[in-house]
Amino acid sequence: MKFCAPAPENDRPLSATEVALMLDGTLDGDGNHAITGVSELAAAVDDQASYWLPRSSVGGCAAGLVLVPQEAELPEELMTRPARVAVARPDLAAALLAQHFDLARPRWTGVHERAFIDPTATLGEGCTVHAGAWIGPGCKLGAGCEIHPNVVVEAGTLLGIGCTVHANSVLGADGFGYVWSGSKHEKVPQQGCVEVGDGVEIGACTTIDRGTYGVTVIGDGCILDNQVQIGHNCVLGRFVVLCAQVGLAGSTTIGDGAVLGGRAASSGHLHIGAGVRMAGAAVATKDIPDGLTVGGYPAWELTSETRAIARLRRLIRESRS
Amino acid sequence: MKFCAPAPENDRPLSATEVALMLDGTLDGDGNHAITGVSELAAAVDDQASYWLPRSSVGGCAAGLVLVPQEAELPEELMTRPARVAVARPDLAAALLAQHFDLARPRWTGVHERAFIDPTATLGEGCTVHAGAWIGPGCKLGAGCEIHPNVVVEAGTLLGIGCTVHANSVLGADGFGYVWSGSKHEKVPQQGCVEVGDGVEIGACTTIDRGTYGVTVIGDGCILDNQVQIGHNCVLGRFVVLCAQVGLAGSTTIGDGAVLGGRAASSGHLHIGAGVRMAGAAVATKDIPDGLTVGGYPAWELTSETRAIARLRRLIRESRS
Amino acid sequence: MKFCAPAPENDRPLSATEVALMLDGTLDGDGNHAITGVSELAAAVDDQASYWLPRSSVGGCAAGLVLVPQEAELPEELMTRPARVAVARPDLAAALLAQHFDLARPRWTGVHERAFIDPTATLGEGCTVHAGAWIGPGCKLGAGCEIHPNVVVEAGTLLGIGCTVHANSVLGADGFGYVWSGSKHEKVPQQGCVEVGDGVEIGACTTIDRGTYGVTVIGDGCILDNQVQIGHNCVLGRFVVLCAQVGLAGSTTIGDGAVLGGRAASSGHLHIGAGVRMAGAAVATKDIPDGLTVGGYPAWELTSETRAIARLRRLIRESRS
């Protein structure tokens, strides 16, 4: 493991003109104003950029550069800032600019001597594996993965290119499969594995079980927050979003781009369609069609859930008097 | 730690005749057909066994041997397979056959040099402790336990024979006990411990707190999934099933064979009877009698919960028009 | 790391007279009776103290000393015990007495050679860091912290004096921040950090994310149970209590002394007032005023939630007949 110096091209200030060029935006103001980082609008200082969206409050903004929407009417206060750059999506532009400066942060790369890498595991180029991480037999990690401290990647797990797994998560533990024999729970050996696509980010203390026979799949570009639990043989499409504490029982399948709010869940052996949005703590107990926004337990249209709660509560309030 | 070669008796194909003999079943078809493993019906190939239950779909089954119920009428398609073995419980028989072949999988045994074992801890014969696992002072592990990487077993924890603890779980952390002094939360020192029976399997990122004074008990043959949380002084009977993300507040007691669905919970200081079944996310707030099936929060008969939800939703739907 | 012998002043029996003196109580009975520890009333034996509160059952108490409320009428059975000490708060007095004896327990102090401490991290005097723990670049720990095995403290995290973090928790993992670009989730680099105050105790497998730009704050004297999830930029006041499996979405702020029951949650960007009490599994979806006791999802007055549930269930029961 070695400590990488920042890339020189990322480790210097950018002028407002350079920022506008990088983000394909239109500059208004002082093109020479120097920017060294990004912060939120309320906290940004003179050498930092931030972004503004219509209806955001501006109160006392001190940013040196503000990313703003094209053709929007700007609050007076923003006009006093040294520079504005109009872009199609200010929030996205701010993220990209922050990514640029983030590359200047020095960081460890390589495999720490106190990581455990099984001799039969293979790591792609530029992988970082921190101390205490454990990569089991037959695992394959694509190039540029970062495995945080004390993560456990059990035998046979495959990760694509550029994945990040945060601390203390577990990929490939046994699925929860037993058959009651009449006198004990006989274990169904969990022979399958976990396959994670490219560009996936997995939070801390998250668990993804291996398939019983087949494969548990996390598609390209999925993002999983902390303390998410994925049962055996779940199959997630691409760019699925699972917020913290989501729990998916075995053999749940999820279409591309679905977004599950915090602590949403599936009772298993069902399909959550592409583009579905589940409210926090919603529980899917049957298939959910593509594109639906659902809430409640069992999950149904969120508007119905909201009305049901409102109606029940109105009843109670009326019955008080 | 050393890498064990597979047991020779497990590392060879079985003929269909041998499979029938081992599983106390009745063979129909080619007794010489060779089987090297088990898979699910849809995925099994010519040298693999699988199982069929009435009403399962068969679509394109290519298994070399199918375990089927005694005296069941079989779909045509299964009759074209090389061999069938009729048994009392096909799902159970498949698990036992898979266990046989699973023993052929080479595996590490012993204590990895990067595991931490306190000098006052004792390990039974044939225990496996992986790298990064931590076994504290005074712990006692029965024979044949497997402790996965980065598991933490705090001081004084007892495990029975043949237990498995999956990665990153924590046994014996302090219970959550404080007394508000008027100016701070004074900690109640957690002097108790955790006792785990024989043949218990514990999932990944699960936490079992030590007793405050007495003991937190996990009975023989219990199975706990991932991200389960057990508070101080809980006492689980034998063969209890806790699915993922279950949470038991302190001093919950559970009778033999109860099954708690995913994310079910107890508010503590109550008894969940033997054989109780709790639906996913059900929350017990008072004692639940033996054998009851419950759902909802507070947990009551599941049929009532289902009716309550249905009625409320019908109301809403009617009030739309 | 070295094994500390118990402090001699803690490693000897106390006479009942000494106990009364230490706890500012009034002795009744044998002042010479020797006490070596504390246990619960039902389990305490002749050399142990315990405590009694009005309405507690006494059944077969064998404690050598019982802490009782001042001016309370005591059950006959307690009068047969060797000694009673009347104090203002028996439960608190028992905790303090147990803390005294707990200091006699020998324990490891110092930094284990298999802990990872980044060279740029600084540890206050008397810190204990167990094997497998990971303390990242720029972290600062106040004096007397105890970091249990396999805890991960990511870069830049600050802990105050006398904090305890139980096994396998993660402080300072990235917050969950992305912007959808139209073709992928662009990560918002998580530049902020985590600041933990003095005297904070954090359970096992708990995760506290760093701020996106600013700081995630855990105030002095907070107590967090196991499997708690704190999103980026949350700010907790002093002495907040979070029971197991609580989940706080990003930018939740909590006032001093609030108590969140097991699995309570916040949907983020809202304020939970000082002294608020949230029932188990309650979900705050908007600000909650100081001092309110709430339940349900969305959280409202707990009395209303209880009535709503009761009313719905009565409806169902009536419609049965």
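The 3J(HN,Hα) values that the Karplus relation (6.51, -1.76, 1.60; θ = phi - 60°) gives for region B:149-165 are, in residue order, x, 6, 5, 10, 10, 6, 3, x, 6, 10, 10, x, 7, x, 8, 10, 10 Hz. Gly and Pro appear as x.
Plainly put, the tip 7 Å out from Cα toward Cβ on A:T80 is 8.1, 8.2 nm from that tip on each other copy, the closest given first. Only Cα pairs within less than 10 Å get springs; with that Gaussian network setup on chain A, which residue of A:V129, A:V151, A:V188 has the largest fluctuation? Residue with maximal mean-square fluctuation among A:V129, A:V151, A:V188: A:V188. Taking the DSSP bridge list for region A:14-102 and keeping only pairs wholly inside it, about 40 percent are antiparallel. About the centre of its Cα atoms, region C:87-204 shows a dipole size close to 140 debye [charges on the beta carbon of Lys, Arg (+1) and Asp, Glu (-1) only; nearest 20 debye]. The residue list B:V276, B:A167, B:T80 was ranked by how far each Cα lies along the charge dipole of chain B toward its positive end, using unit charges on Cβ atoms, and B:V276 comes out on top.
So what's the projected area for the protein assembly as shown, the Cα convex hull averaged over all directions, in nm²? Before the final figure, lay out each step's value.
Details: hull surface 175.2 nm².
Directional mean of the projected Cα hull area for the protein assembly as shown stands at 43.8 nm².
For region B:1-99, averaging the sequence separation of C-alpha pairs within contact (under 8 Å, six or more residues apart) and dividing by the residue count gives a relative contact order of 26 percent.
Can you compute the charge dipole magnitude of the protein assembly as shown about its Cα centre, using +1 on each Lys and Arg Cβ and -1 on each Asp and Glu Cβ, nothing else charged? Give it in debye, rounded to the nearest 20. If you can, show how the numbers build up before the last one.
Details: 69 positive and 102 negative charges, 468 e Å.
With Lys and Arg at +1 and Asp and Glu at -1, about 2240 debye.
Backbone amide hydrogens, once placed in the peptide plane, bring A:G268 within less than 5 Å of A:A249, excluding anything fewer than 5 places away on its chain. Other residues within the sphere of radius under 15 Å centred on the Cβ of A:S56, judged by their own Cβ, net out at -1 (K and R +1, D and E -1). In this Cβ point-charge picture (+1 for Lys and Arg, -1 for Asp and Glu), region A:169-303 has a dipole of about 380 debye about its Cα centre.
Can you give the % of DSSP beta bridges in chain C that are antiparallel, to the nearest 5? All intermediate terms of the calculation are to be shown ahead of the outcome.
Details: 14 of 76 bridges.
Close to 20 percent.
Of interest is the spacing of the C-alpha centroids, which for region B:249-291 and region A:297-311 amounts to 27 Å.
Where both bridge residues fall in the protein assembly as shown, DSSP classifies roughly 20% of the beta bridges as antiparallel. With a ≥ b ≥ c taken as the square roots of the eigenvalues of the C-alpha gyration tensor of chain A, please select rounded if a/c is under 1.5 and otherwise prolate if a/b is larger than b/c or oblate if it is not? Because a/c hits 1.5 or more and a/b fails to exceed b/c, chain A counts as oblate.
When shorter helices are ignored and each DSSP H run of at least 4 residues is given -39500 (n - 2.57), the per-residue value for the protein assembly as shown at 222 nm works out to -4000 deg cm²/dmol. Near C:G162, the amide H atoms lying under 5 Å from its own belong to C:A143, C:G144, C:C145, C:G199; only residues 5 or more places off or on other chains count, and H is placed 1.01 Å from N. Annotation: average projected area of region B:67-181 is 12.6 square nanometres, based on the convex hull of Cα atoms across all directions.
Just in region A:209-307: which trypsin sites (Lys or Arg not before Pro) are loop by DSSP and have at most 15 other Cβ atoms within 10 Å?
Working: sites: A:R210, A:R238, A:R263, A:R277, A:K286, A:R307; in loops: A:R210, A:R238, A:R263, A:K286.
When the trypsin sites (Lys or Arg not before Pro) of region A:209-307 are filtered for loop state and at most 15 Cβ neighbours within 10 Å, A:K286 remain.
Label-to-label distances for B:L315 across copies, nearest first, come out at 0.1, 0.1 nm, using points 7 Å from Cα in the beta-carbon direction. The long axis of helix C:90-102 is offset from the longest Cα principal axis of chain C by roughly 90 degrees. Considering only Cα-Cα distances, which of the following residue pairs are longer than 31 Å: A:K184/B:K286; B:K2/C:K140; A:K187/C:K2; A:K187/B:K140? Where the Cα-Cα span goes over 31 Å, the pairs concerned are B:K2/C:K140; A:K187/C:K2.
Think of the protein assembly as shown as a dipole: +1 on every Lys or Arg Cβ, -1 on every Asp or Glu Cβ, centred on the Cα centre; then among A:T26, A:V152, A:G296, A:G296 lies furthest on the positive end.
Per-residue Karplus couplings for region B:252-269, computed as 6.51 cos²θ - 1.76 cosθ + 1.60 with θ equal to phi - 60°, are listed in order as 7, 10, 10, x, 4, x, 5, 10, 9, x, x, 6, 4, 8, 10, 7, x, 6 Hz, Gly and Pro entered as x.
Once the Cα atoms are used to define both axes, helix A:302-320 deviates from the longest principal axis of chain A by about 90 degrees. Rounded to whole numbers, the Karplus 3J(HN,Hα) couplings from phi for region C:245-251 are 6, 4, x, 10, 5, x, 6 Hz, using 6.51 cos²θ - 1.76 cosθ + 1.60 with θ = phi - 60°, and x at Gly and Pro. For region A:151-222 versus region C:103-122, the inter-centroid distance based on Cα atoms is 32 Å.
Per residue, the Cα convex hull of region B:14-102 amounts to 75 Å³. Placing a label point 7 Å from the Cα of C:G59 along the Cα-to-Cβ direction, the distances to the matching points in the other copies come to 5.7, 5.7 nm, shortest first. Only one residue of B:T306, C:T285, B:S181 has its Cα farthest out toward the positive end of the dipole of the protein assembly as shown, where Lys and Arg carry +1 and Asp and Glu -1 on Cβ, and that residue is B:T306.
Rule-based calculations on the coordinates, nothing more; no lab input. Computed from a predicted structure; not experimentally measured. With ideal geometry, Cβ positions are generated from the backbone for all residues, glycine too; neighbour counts draw on all protein chains shown.
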